[in-house]
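Okay, so here's the structure we're looking at.
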Amino acid sequence: MLSGGSLVRIAVIAAWTGLLGSHVADHAWPTRGDPRRLALAARSGERATYDLVLDGTPQDAKGRRAVGTCTVSCARREPGYRLSTQVTLIDQSFIPGFEAVRGRLGIAAGARAQVTLAIVEDFDAAPCLRAFDIEAAAGGSTARFHTSFERAGLHGHWLIDGGPSGEVDFPAFDSTGLQGLQLVAVMPPRMAAGDRFAADLLGIDALARAPAHRVVVYLAGDEETVTIAGRASVLRCIEGTCDGAPTVRVWCDRSGLVVRQRSQDVGISLELRQVDDGAVAPIDPATDRDP
């Protein structure tokens, strides 16, 4: 049985993870866009570092500011790929209810807190998602979650602070075609205006308390000149929609590299700081340890 404090920690981690991943669609509309293979081959060996920027509002005296960083790397791992995402939040003031639970997370009042989220996703040759690990830490609390699709359904386990643990077992879940969690969207190269495609992502059916396929539909618009950190670039603007409502806007170059990604509902943007080609070596499955 989970304690009340453990439930609070899970709720807080889930809340801010959900804010960052809000581009995951709430309804499956697979017929509204052509399915495309996940473009991990184009990103293999690459590490991209982003600033996480919160847009200012009239009610927010702090204004537009950086609240953290996000690093995404892709490595070849036979027979497929490994996608690793690391998020660090240094400002959590925009997270509803965070201040009220600082003490329960082991963070002293007024102390500078750091919240981290690490996601490791393993894909097969298709590439389709076959396993993923999540580790989230806030103050003195850490939660770990591992799952895989190596046998029918979704199976895994979770562990909180080295203490409470449990199993996850959904044998009826069909994982066919899953393209991961995509905290940062994965765009195909050489998109043209009018191109439309659907990404089949892993989400959660809150009512059923079960995993679910969630499809976000992307529509490529015109190229725009975008200035980030004083540098102007010509980028393709791509809109992601859910049930006809905009959820995310992505600007990418002609290789599909995401240079800016903006969540439409919470006003958070990812802005590329730097990209390192060839920085991530292939992983040998025979010697690879669990992430």
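Please treat every number below as a calculation from the coordinates, not as lab data. This is a predicted model, so every value here is computed, not measured. Cβ sites come from the backbone with ideal geometry, for glycine too, and all protein chains shown count toward neighbours.
Below are the figures for this structure:
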{"read-out": "For peptides 126-133, 179-186, sequence by mean Cβ density within 10 Å, most packed first", "value": "179-186, 126-133"}
{"read-out": "Three-way shape call for segment 170-226 based on the alpha-carbon gyration tensor, with the a/c threshold at 1.5", "value": "prolate"}
{"read-out": "Centre separation in Å (Cα based) which lies between segment 213-291 and segment 117-132", "value": "18"}
{"read-out": "Interchain or long-range residues, amide H under 5 Å from ALA212's placed H", "value": "GLY203, ILE204, ASP205"}
{"read-out": "Residues whose placed amide H lies under 5 Å from that of GLU78, excluding near-sequence neighbours", "value": "ILE283"}
{"read-out": "Virtual paramagnetic centre 7 Å along Cα→Cβ of ARG254, amide N under 14 Å, in segment 164-199", "value": "189-193"}
{"read-out": "Prolate/oblate/rounded call for segment 151-291, Cα gyration tensor, a/c under 1.5 rounded", "value": "prolate"}
